[in-house]
Amino acid sequence: MKSSSPKIQRRHISGVFLLNKPLGISSNAALQKVRWLYRAQKAGHTGALDPLASGLLPICLGEATKFSHYLLDSTKRYQTTVFLGHSTTTGDVEGEVLLEKPVPELNEELIQEIIAKFVGEIQQVPPMYSALKKEGRPLYELARKGIEIEREARPITIYAIELLSFTENSITLDVTCSKGTYIRVLGEDIAKALGTYGHLTYLHRIQTGHFDLIPSYTIEYLESLTEAEREALLLPAYAPVQHFPQIQAPEGRAEYFSRGMESNLDHPAEPQVLVFDGEKCLGLAEITDKKRLVPKRVLNL
């Protein structure tokens, strides 16, 4: 009888690792690999990247998961290449060719004029190949069965589009956008506005909220380090909200805050503040207009 491999001893470790996700694996697979390397009890990512997309995927470990939704809702920045001339079923190179159309002669003035039309608040129809759900089932499951359902357009914001380069049949862009933006759909829509079809051949996320991509922070790099070296790469558990106003807990009230109890505080009202006891972050709170400090997310570090 074969002996079972020893069970990994999970640790109560907290912090944020700014993973540079590689091509070819899902965000969840990358998350589980990082969690395994840190032996973390709890972990979560902050906005999925498709297997054919690479780049910044902040991984929240332990107590940092209490703040992960702030990054899910944050502004993202991508670099992407749209290949022109035909569309695919998935909007990227993974799908089968769907429609073809000649590519008009491109020049910088034409491209700049077209992409400028997509900057600002726009409506976007989510793709069938997405994790959005219809009656509890992800749309991509229906799409794989050849089923297409009507999707309502949703408001998104494109803050900026920069033209990085172009060829006779491709354009490469730098896009800063709101949460909920599908770059595949944006690429298809820009191609149509240029008078042709298109699909993504490259998608790389370089920014999430106030975090920038660190190219060397790969899974392979993590694997090469000792446990202590890995821990040294972690940002604090409160890093997703480190840009919020910071205050000190009222004298003698730190322990009460950590128990979720309110305190009096002579301070102007604030919807979200980080509360510290010296250099130790206790968590996130609200200061009401009645000068009450109300704990909202308490850190157990």
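The values are calculated or read from the model by the stated rules, or taken from the named source; none is laboratory data. Keep in mind it's a predicted model, so treat the numbers as computed, not measured. FYI the Cβ positions are ideal-geometry reconstructions off the backbone, even for glycines, and counts take in every protein chain you see. Ligands, DNA and RNA are stripped out before the accessible areas are found, and what is left, the full protein with its side chains, is counted by its heavy atoms. Shrake-Rupley method; radii C 1.70, N 1.55, O 1.52, S 1.80 Å.
Things to note:
- Any chance Ile13 is modelled with pLDDT of 95 or more and assigned to a loop (DSSP other than H, G, I, E, B): yes
- Flag for Tyr256 being under 30 Å from Lys291 (Cβ atoms) and either over 24 Å from the mean Cα position of the chain (by Cα) or at pLDDT below 95 (or both): yes
- Meets criteria (touching a Pro at 6+ places or on another chain (Cβ under 7 Å) and either over 26 Å from Ser54 (Cβ atoms) or not aromatic (Phe, Trp, Tyr) (or both)) for Leu234: no
- Set side by side, the residues Thr65, Thr80 differ, and just one is within 17 Å of Ala239 (Cβ to Cβ), open to solvent by less than 60 Å² (accessible area, probe 1.4 Å) and β-branched (Val, Ile, Thr), which is Thr65.
- Test: residue in the stretch 251-267 that is within 30 Å of Ser216 (Cβ to Cβ) and either of a type in the set (Gly, Ala, Ser) or outside the structural domain of Pro58 (by the TED database) (or both): no
- Checklist (1) out of contact with any helix residue (DSSP H, G or I) (no Cβ under 9 Å at 6 or more places or on another chain); (2) under 30 Å from Ala116 (Cα atoms); (3) among the β-branched types (Val, Ile, Thr); (4) open to solvent by less than 50 Å² (accessible area, probe 1.4 Å) applied to Ile214, failing item: (4)
- When residues of the stretch 196-230 are limited to those that are in a loop (DSSP other than H, G, I, E, B) and without any contact (Cβ under 8 Å) to a residue 24 or more places away in the chain, the one farthest from Leu110 (Cα to Cα): Thr226
- Scanning the stretch 279-301 for residues that are over 29 Å from the mean Cα position of the chain (by Cα) and in contact (Cβ under 8 Å) with a residue 24 or more places away in the chain gives Lys291, Arg292, Leu293.
- All of (1) touching a Pro at 6+ places or on another chain (Cβ under 7 Å); (2) open to solvent by 80 Å² or more (accessible area, probe 1.4 Å); (3) hydrophobic (A, V, I, L, M, F, W, C) hold for Leu301 with one exception: (1).
- Applying the criterion of being open to solvent by 50 Å² or more (accessible area, probe 1.4 Å) and among the aromatic types (Phe, Trp, Tyr) to the residues of the stretch 178-211, the residue that is nearest to Leu18 (Cα to Cα) is Tyr202.
Let's see how each residue does on (1) closer than 22 Å to Lys66 by Cβ; (2) open to solvent by 70 Å² or more (accessible area, probe 1.4 Å):
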residue: Leu222; (1), (2): no, no
residue: Thr226; (1), (2): no, yes
residue: Glu229; (1), (2): no, yes
residue: Val241; (1), (2): yes, no
residue: Ala249; (1), (2): yes, no
residue: Ala254; (1), (2): yes, no
residue: Phe257; (1), (2): yes, no
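- Residues of the stretch 16-46 that turn out to be part of a loop (DSSP other than H, G, I, E, B) and surrounded by fewer than 20 Cβ atoms within 10 Å (Cβ to Cβ), as a count: 8
- Among (1) open to solvent by less than 20 Å² (accessible area, probe 1.4 Å); (2) over 20 Å from the mean Cα position of the chain (by Cα); (3) within 30 Å of Gln272 (Cβ to Cβ), the one test that Gly55 misses: (2)
- Candidate set: the stretch 100-137, residues that are open to solvent by less than 80 Å² (accessible area, probe 1.4 Å) and part of a strand (DSSP E or B); chosen: the one modelled with the lowest pLDDT: Gln124
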